[in-house]
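Heads up, the thing below is written out as structure tokens.
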Protein chains: 2
Amino acid sequence: MTALPQGFSAHVAAIGIKDDTDDFLVLAAERTTPAAAVFTRSRFVGPSVTLSRAHVANGRLRAVVVVSKNANVATGEQGQRDAAELAAGVAAALGCPPEDVLVASTGVIGRPYPMDRVRKQLEILALPFTIDQAEPAATAIMTTDTVAKVASATVPTTDGGEASIVGIAKGVGMIEPDMATLLAFFVTDADLDAGALDASFRRVIDRTLNAVSIDTDTSTSDTAAILASGVAGSVDLAAFEQALGDVALSLTRQIAIDGEGATTLIEVRVDGARDDAQARRVAKAIVNSPLVKTAVHGADPNWGRVAMAVGKCSDDTDIDQRRVTIRFGAQEVYPQPVDEVGLAALAEYMKGDEVRIHVSLATGRAAFTAFGCDLSDQYVRINADYTT
Amino acid sequence: MTALPQGFSAHVAAIGIKDDTDDFLVLAAERTTPAAAVFTRSRFVGPSVTLSRAHVANGRLRAVVVVSKNANVATGEQGQRDAAELAAGVAAALGCPPEDVLVASTGVIGRPYPMDRVRKQLEILALPFTIDQAEPAATAIMTTDTVAKVASATVPTTDGGEASIVGIAKGVGMIEPDMATLLAFFVTDADLDAGALDASFRRVIDRTLNAVSIDTDTSTSDTAAILASGVAGSVDLAAFEQALGDVALSLTRQIAIDGEGATTLIEVRVDGARDDAQARRVAKAIVNSPLVKTAVHGADPNWGRVAMAVGKCSDDTDIDQRRVTIRFGAQEVYPQPVDEVGLAALAEYMKGDEVRIHVSLATGRAAFTAFGCDLSDQYVRINADYTT
């Protein structure tokens, strides 16, 4: 179990959104604290996202409330009223303004919340919250996740003590974050002002949760937020960002390997790129290719599909196939020809739990690493039968 | 069976590229004729594409040679020499310059041709070619296609006669054409100059074969070409383009429904768009969404995934979700709420062989229709075990 940082507590409940598992979380600070958040760029965002964008705009939050298994998206004005009522109900229990509450929700699209059940929960919600561990909170936000996703790190405080950073996340499908991601919440007792927190947070998310893709489908509900209670004292900003990066990277890898139906983590590193955008574009093209993903699933040493995926970046006219290098793990497969022995070795490597693909573009010096998973029959079964 | 237009004949053979099925096609005109071709924009094209681009540059071709089940891509300088030898061998048999031969090839990437077998075939290749039907030609270019794809149309000639247009195509995976497509060859006995032919051909392909996507993966070998023998006489250009469009649209639908593992054709019409590019972007986002594709596969009435896919077009900031309309067949699912009876009707509709999704954006007047297919467990199985 992972203790929440000082100054935070949580409440979870099963309110029966879809089944009898926990589906309601309030993660709260003792008082309103510096906070930052990033959101999906979807044009079909739900009221959770629009409301939360407004609430975090002043860089301060008291709590995050999550309803899981219903996204409250494409639900019209009723959906907006429901989200506002949810924020207000939590705020009333905490004794803070509704604007200090961030609302997040994922699950089926186009169905209104069962507000009778939500209201019953809000009526009994009261401080003190008894949960001081991250795992029950991470469990309460799961939809089709098979494991709860928690990560933590520590960072020294300037007075010789230690601050902690804890992150929780959910998400296994509809995952190609775009400036934000799935649901991920971070809490720390380090003392940081909202501006520094926001800048650090955006840099970290861009290289971690924004680097994961399960199926190229961008959620309407992606939300990542961080709250800093300040109880443990101030920290060196660079050390904090490094530790936060470690937590976010761990969550990123946990999300990729728990991708719907996934059996293998795929890590694609692209270097020697002209700029960050090119490195990211090529890495995403590879990690998102259904043909690369199925080859990894079948441990089929069909490395030519990586060449195909690089080739898809057709606007990158500076990519010259004669200068590109492709490796699986430590094994070069292109341009160095692969003989039968090499193909057998590659097939064996691809049977592992983690397949690392490394492409050097020879167009510059930028690099990016993307994370994803294989595409299995099980992904199809899960998603062909989701609502029914 | 479909007769080839006047002035064309074909030769097919099984040269043993992968198995004992036909894998070699020469489709030839009696003499060098006006021709046009479009190709993949991949940065990893094979020598077939680079050689053929050069050969069609003067708007004239005598023949197309296709080797199927091996793409001759990522094969280095050896691959370039092999492609040139193939073109020269066919040219020698026909008595034309190598520059009048277009070379096309699809199949596994990164393996050289078995040139000993190719050479044996070239040595015995000689006129006259005995095949005057399209079906054997379409069969010889198949890889994992389950059916041969042929379409034809006629167009009146200005002297009161009739010209014919015949098209053949292959392609079931690694299909999201980008300015060109898979392999598709059209022959006509209409009399057209190369410039008019090229302009008509590009407009038609852009709305038909360029509108199909099986799996977002762009082939390294996409090639579509047309040869016009002129034997039947001249035609009205608009009537010709309409007839050519019918042939190409039929091939497009045949390709979509034969997508690897596919059981359902998905047709996505987007209208009320700001411009063609926006209509195409949104239609492609929907037809390519793994979550939409799996929902169709499972006949799961999870229409919210179409809203999600529209939302993915995050740079289209003029799309306002309150003005968007989503329909399945004739049934509106958004913004008009769908009750349980409506969901049951939708599930029933989605069990059909063809699912039509219609989205109106209310940002303008442009429209585009994209074609694709569902995503099934079978797609995964086919592609997890392709080379092994």
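The values are calculated or read from the model by the stated rules, or taken from the named source; none is laboratory data. Bear in mind the structure is a predicted one, so any value in this text is a computation, not a measurement. Virtual Cβ from ideal backbone geometry, glycine too; neighbours counted across all protein chains shown. These accessible areas exclude ligands, DNA and RNA; they are computed on the full protein's heavy atoms, side chains included. Shrake-Rupley method; radii C 1.70, N 1.55, O 1.52, S 1.80 Å.
Which of (1) more than 14 Å from chain A (Cβ to nearest Cβ); (2) over 22 Å from the mean Cα position of the chain (by Cα) is the odd one out, the single condition residue B:247 does not satisfy?
(2)
Of all residues in the range A:179-195, which are modelled with pLDDT of 90 or more and assigned to a loop (DSSP other than H, G, I, E, B)?
Correct list: A:192, A:193.
Looking only at the range A:319-342, filter to residues that are at the interface with chain B (Cβ under 10 Å from one of its Cβ atoms) and either open to solvent by less than 50 Å² (accessible area, probe 1.4 Å) or at pLDDT 95 or above (or both); which one of those is farthest from the chain's Cα centre (by Cα)?
Among those residues, the one meeting the criterion is A:338.
Any chance you could count how many residues in the range A:208-238 are touching a strand residue (DSSP E or B) at 6+ places or on another chain (Cβ under 8 Å) and in a helix (DSSP H, G or I)?
Residues meeting the conditions: 2.
Taking the conditions exactly as written (open to solvent by 10 Å² or more (accessible area, probe 1.4 Å), at pLDDT below 90 and not polar (S, T, N, Q)), does residue A:176 satisfy them or not?
So residue A:176 fits the description; yes.
Scanning the range A:183-202 for residues that are of a type in the set (D, E, K, R) and under 27 Å from residue A:68 (Cα atoms), which turns out surrounded by the most Cβ atoms within 10 Å (Cβ to Cβ)?
The residue in question is A:189.
For residues in the range A:98-111 being within 9 Å of another protein chain (Cβ to nearest Cβ) and in contact with a strand residue (DSSP E or B) (Cβ under 8 Å, 6 or more places away or on another chain), which is surrounded by the fewest Cβ atoms within 10 Å (Cβ to Cβ)?
A:108
What residue, of A:301, A:335, is touching a residue at least 40 places away in the same chain (Cβ under 8 Å) and under 17 Å from residue B:73 (Cα atoms)?
After applying the criteria, what remains is A:301.
So residue A:25 passes all but one of these: (1) of a type in the set (A, V, I, L, M); (2) outside any strand (DSSP E or B); (3) crowded, with 16+ Cβ neighbours inside 10 Å. Which condition number does it fail?
Result: residue A:25 fails condition (2) only.
If only one of B:89, B:79 is in a helix (DSSP H, G or I) and open to solvent by less than 10 Å² (accessible area, probe 1.4 Å), which one is it?
Selected residue: B:79, the only one of B:89, B:79 that is in a helix (DSSP H, G or I) and open to solvent by less than 10 Å² (accessible area, probe 1.4 Å).
Within the range A:244-282, how many residues are open to solvent by 10 Å² or more (accessible area, probe 1.4 Å) and either within 30 Å of residue A:191 (Cβ to Cβ) or assigned to a helix (DSSP H, G or I) (or both)?
Residues in the range A:244-282 being open to solvent by 10 Å² or more (accessible area, probe 1.4 Å) and either within 30 Å of residue A:191 (Cβ to Cβ) or assigned to a helix (DSSP H, G or I) (or both): 11 in total.
Within the range B:343-388, restricting attention to residues that are at the interface with chain A (Cβ under 8 Å from one of its Cβ atoms) and of a type in the set (S, T, N, Q), which residue is most open to solvent (accessible area, probe 1.4 Å)?
B:388
Would you check if residue A:165 is modelled with pLDDT of 85 or more, crowded, with 24+ Cβ neighbours inside 10 Å, under 30 Å from residue B:316 (Cβ atoms) and in contact with a helix residue (DSSP H, G or I) (Cβ under 6 Å, 6 or more places away or on another chain)?
The answer is no for residue A:165.
Can you run down the residue pairs with Cβ atoms below 8 Å, 6 or more apart or on separate chains, where the first is in the range B:46-59 and part of a helix (DSSP H, G or I) and the partner is modelled with pLDDT under 90 and among the aromatic types (Phe, Trp, Tyr)?
That search, which allows pairs on different chains as well, returns B:49/B:39; B:52/B:39; B:53/B:39.
Can you tell me how many residues within the range A:60-73 are part of a loop (DSSP other than H, G, I, E, B) and hydrophobic (A, V, I, L, M, F, W, C)?
Number of matching residues: 2.
Residue check: is residue A:229 more than 30 Å from residue A:64 (Cα to Cα) and either within 14 Å of chain B (Cβ to nearest Cβ) or not β-branched (Val, Ile, Thr) (or both)?
no
Restricting to the range A:291-318, and then to whatever is open to solvent by 20 Å² or more (accessible area, probe 1.4 Å) and closer than 15 Å to residue B:385 by Cβ, can you tell me which residue is farthest from the other protein chains (Cβ to nearest Cβ)?
So, considering only residues that are open to solvent by 20 Å² or more (accessible area, probe 1.4 Å) and closer than 15 Å to residue B:385 by Cβ, the one farthest from the other protein chains (Cβ to nearest Cβ) is A:297.
Please go through (1) modelled with pLDDT of 90 or more; (2) within 11 Å of chain A (Cβ to nearest Cβ) for residue B:273 and return the number of the only condition it doesn't satisfy.
(2)
Matching residues to (1) open to solvent by 30 Å² or more (accessible area, probe 1.4 Å); (2) under 25 Å from residue A:320 (Cα atoms); (3) within 13 Å of chain A (Cβ to nearest Cβ):
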position	(1), (2), (3)
B:30	yes, no, no
B:56	no, yes, no
B:59	no, no, no
B:65	no, no, no
B:68	no, no, no
B:71	no, yes, yes
B:75	no, yes, yes
B:84	yes, yes, no
